[in-house]
1. Calculate what fraction, in whole %, of the accessible area of the stretch 43-97 sits on carbon and sulfur atoms when a 1.4 Å probe is rolled over the protein chains.
2. At what distance in nm do the modelled label points of Arg116 and Arg65 sit from each other, each positioned 7 Å from its Cα along Cα→Cβ?
3. Roughly how many nanometres apart are two label points built 7 Å out from the Cα toward the Cβ at Glu86 and Trp23?
4. At 7 Å along the Cα-to-beta-carbon direction for both Asp125 and Gln50, put a label point, then send me their distance in nm to one decimal.
5. For Asp103 and Asp5, calculate 0.36 nm times their separation in residues minus their Cα-Cα distance, and state this gained length in nm to one decimal.
6. Mind pulling the angle between the C-alpha long axis of helix 82-99 and the longest principal axis of the chain? Nearest 10 degrees, somewhere in 0 to 90.
7. Leaving out ligands and nucleic acids, and using a 1.4 Å probe, what accessible area per residue does the stretch 60-112 come to in Å²?
8. Three principal axis extents, largest first, for the C-alpha atoms of the chain, in Å?
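The values are calculated or read from the model by the stated rules, or taken from the named source; none is laboratory data. This one's a predicted model, so the numbers in the text were calculated from it and none came from an experiment. Here the Cβ is made from the backbone with ideal geometry for all residues, glycine too, and neighbour counts use every protein chain on show. Heavy atoms of the whole protein, side chains included, go into the accessibility calculation; ligands, DNA and RNA do not. Shrake-Rupley method; radii C 1.70, N 1.55, O 1.52, S 1.80 Å.
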Amino acid sequence: MNMYDWVDFEDGRARFSGGIRGWDELRHETFCVELNGESRYGEAITVFEQEGDNFGLEIISFGYRLAGDAGMPASSRDPVSVVDIEKIKVMVAQLIDIVAQCDHPPFVLSRGITSRFTGKVAFQDGWINTTAH
């Protein structure tokens, strides 16, 4: 499997879409989730443990229509229904678990000589805009 291949799930599909230059001209490690026939992009960052070199991932944003929109203010992200949020969280966590096993994972999951991905995936407060239903 290639690190950027689509991975099919019961509720949709997801893939890493790579490091891109975002709206703010900074590098963003992006992924894409296709749900209900629509694709939306999000961003993940590496979070190192306080003790040691091992790391987890944190999802810091989701809901951009284009990968290049990463870095835009939260108000620019499309809102997601409460029902779909759980589906997205499951797909993202499963995608990360699958892609972390690749021989050449995306940069955000790259292992070093002494560092390893712990498997921890967290979702930052405000990572997603919600709708009432």
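1. Working: 1410 of 2640 Å².
Summing carbon and sulfur atoms, their accessible area is 54 percent of the total for the stretch 43-97.
2. Going from the Arg116 label point to the Arg65 one covers 4.4 nm.
3. It works out to 3.0 nm between the two label points.
4. So the two model labels end up 1.8 nm from each other.
5. Details: separation 98, 0.36 × 98 = 35.28 nm, distance 1.35 nm.
So the extension gain works out to 33.9 nm.
6. That works out to roughly 30 degrees.
7. Averaged over the residues of the stretch 60-112, the accessible area is 48 Å².
8. 44, 33, 24
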